[in-house]
Amino acid sequence: MYYDEFAVKENLSLPSLLEVLSDVLYRYSKHDPSLQQPLRSILSINGQQNALLNLPCIDIHLGYMCVKTITSFPESSPAIDGAVSLFNSNNGRLLLIADAKEITARRTATASFLATQLLAFKKWKNEQKENAILTILGCSVQGRAHLDVFTQLFKWNKIYLWSRNMTHAINLQSDYSSKLSNIEILKDLNDNRLQQSDVICTCTASEEALIGLKQVKKGVHINAVGSFRETMRELADDLMLSSDTQIIVDSKESAMKEAGEIIQSKAKIMAELGELIHNDKFSNDICNEKITIFKSVGIAVEDLAAAIVLYESLKK
Ligand SMILES: NC(=O)C1=CN([C@@H]2O[C@H](COP(=O)(O)OP(=O)(O)OC[C@H]3O[C@@H](n4cnc5c(N)ncnc54)[C@H](OP(=O)(O)O)[C@@H]3O)[C@@H](O)[C@H]2O)C=CC1
Ligand SMILES: O=C(O)C1=NCCCC1
């Protein structure tokens, strides 16, 4: 009944997760009445950064209900802890409880990959696809999961890693040295190699902007994962507000309430990720000169997708 982080990692198929994520995000953005997801609750402890989060949702169409309960204690390691519970929505039976750290990390990185497919790969010509450069900023749990998922699902020409504490980037590079020989370390964020990156994933708990317009190239795609509070941000206002930037989010409702970059810059959101799925008009409109930003805050239907994929794989 309880599946720990190792069982989650072993049994959660990324291609299946990508498919189910795409389906639930599509139906979420279409306001499909069979999918119910209220705004998550974030209860702060003593007005500090530590918090208890609750993310529930019901999917009558697929026949499941899910609730993820996690703590976020940024000064602890791991920062996130908790469990995901999956239920049958026809008879109310509890089907599975699984480690939330691993589910959160893998569904978040897979949502970023889906955004990269929809926003970057579609605008690239073949040559750019064959020589694509990925950069990951922040080499803790989310950065590590992004490296793992992004390299399992796509072949990158080069990968650059940066972390505030450079040892964390070096450790991550070393953990992957037997599988990936194309990883390099960025010592700082003014390194020219950041400007060569085709895709950048920002996976930090920063409260100050780490990158601005001058540090990135035209047409870059950014997955901004870290911020989920008004006070947090990874991207500067000039990047958020540039007329060359198109901003996509997982949920408009959540992003306007939780994403520091959106709240502080008052940048306009172009669409939800789900609105780009099965939408040829949008794909045709994406221009390779534009910067695309996927601002992810994390929503319950993403945990639901992961829990369903896990449950159905374990049932076989
Ligand atoms: N969008 C989503 O769905 C999700 C978002 N998150 C968020 O993503 C972020 C990273 O999560 P996770 O890896 O689990 O967290 P950890 O606490 O494990 O790691 C924090 C990361 O942020 C970096 N960091 C912290 N402060 C700064 C700063 N001021 N400047 C630059 N880097 C900084 C750390 O770098 P170093 O170690 O080198 O010091 C480290 O890489 C968190 O903010 C988390 O809340 C998490 C889950 C889902
Ligand atoms: O979606 C999630 O799960 C989280 N989002 C922001 C940070 C904590 C976990």
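Take residue 101 and tell me if it is open to solvent by 50 Å² or more (accessible area, probe 1.4 Å) and in a helix (DSSP H, G or I).
It is false that residue 101 is open to solvent by 50 Å² or more (accessible area, probe 1.4 Å) and in a helix (DSSP H, G or I).
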**Request:** Can you work out which of the residues in the stretch 118-147 that are part of a helix (DSSP H, G or I) and free of Cβ contacts under 8 Å to residues at least 40 places away in the same chain is least open to solvent (accessible area, probe 1.4 Å)?
**Result:** 147
**Prompt:** Hey, which of the strands (runs of 3 or more DSSP E) in the stretch 40-93, taking only ones fully inside, have at least 2 residues that are open to solvent by less than 40 Å² (accessible area, probe 1.4 Å)?
**Reply:** 51-59, 64-72, 80-88
**In the stretch 200-233, residue farthest from residue 160 (Cα to Cα) [restricted to those that are part of a loop (DSSP other than H, G, I, E, B) and among the hydroxyl-bearing types (Ser, Thr, Tyr)]** = 231
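Residue-by-condition table, conditions (1) within 16 Å of ligand 2 (Cβ to nearest atom); (2) part of a loop (DSSP other than H, G, I, E, B); (3) more than 30 Å from residue 128 (Cα to Cα):
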{"position": "275", "(1), (2), (3)": "no, no, no"}
{"position": "278", "(1), (2), (3)": "no, yes, no"}
{"position": "281", "(1), (2), (3)": "no, no, no"}
{"position": "289", "(1), (2), (3)": "no, yes, no"}
{"position": "293", "(1), (2), (3)": "no, no, no"}
{"position": "301", "(1), (2), (3)": "yes, no, yes"}
**Asked** Checking residue 166 against (1) open to solvent by 10 Å² or more (accessible area, probe 1.4 Å); (2) among the aliphatic types (A, V, I, L, M); (3) more than 16 Å from residue 203 (Cα to Cα), which test does it fail?
**Response** (3)
**Request:** Starting from the stretch 257-283, take each residue that is free of Cβ contacts under 8 Å to residues at least 12 places away in the same chain and list its partners that are buried (at least 17 other Cβ atoms within 10 Å of the Cβ), counting only C-beta distances under 6 angstrom and pairs at least six apart or across chains.
**Result:** 282/276
**Message:** On the basis of being crowded, with 22+ Cβ neighbours inside 10 Å, within 16 Å of ligand 2 (Cβ to nearest atom) and assigned by the TED database to the domain that holds residue 40, does residue 310 make the cut?
**Reply:** yes
**Request:** Mind listing whichever residues of the stretch 217-259 are of a type outside the set (A, V, I, L, M, F, W, C), over 21 Å from residue 26 (Cα atoms) and buried (at least 24 other Cβ atoms within 10 Å of the Cβ)?
**Result:** 226, 227, 233, 234
**Fill in**
residue 155: passes all of (1) away from ligand 1 (no atom under 16 Å from the Cβ); (2) touching a residue at least 60 places away in the same chain (Cβ under 8 Å); (3) open to solvent by 10 Å² or more (accessible area, probe 1.4 Å) but (2)
**Test: residue 277 is within 16 Å of ligand 1 (Cβ to nearest atom) and not charged (D, E, K, R)** = no
**Asked** Looking at the stretch 288-308, is at least one residue acidic (Asp, Glu) and touching a Gly at 6+ places or on another chain (Cβ under 7 Å)?
**Response** yes
**Prompt:** Taking the stretch 158-192, which residues are farther than 26 Å from residue 128 by Cβ and not in a loop (DSSP other than H, G, I, E, B)?
**Reply:** 166, 167, 168, 170, 171, 174, 175
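The values are calculated or read from the model by the stated rules, or taken from the named source; none is laboratory data. Note that the structure is a prediction, hence the values are computed from the model and not measured. Cβ sites come from the backbone with ideal geometry, for glycine too, and all protein chains shown count toward neighbours. Note: accessible area is taken over every heavy atom of the protein model, side chains too, but ligands, DNA and RNA are not part of it. Shrake-Rupley method; radii C 1.70, N 1.55, O 1.52, S 1.80 Å.
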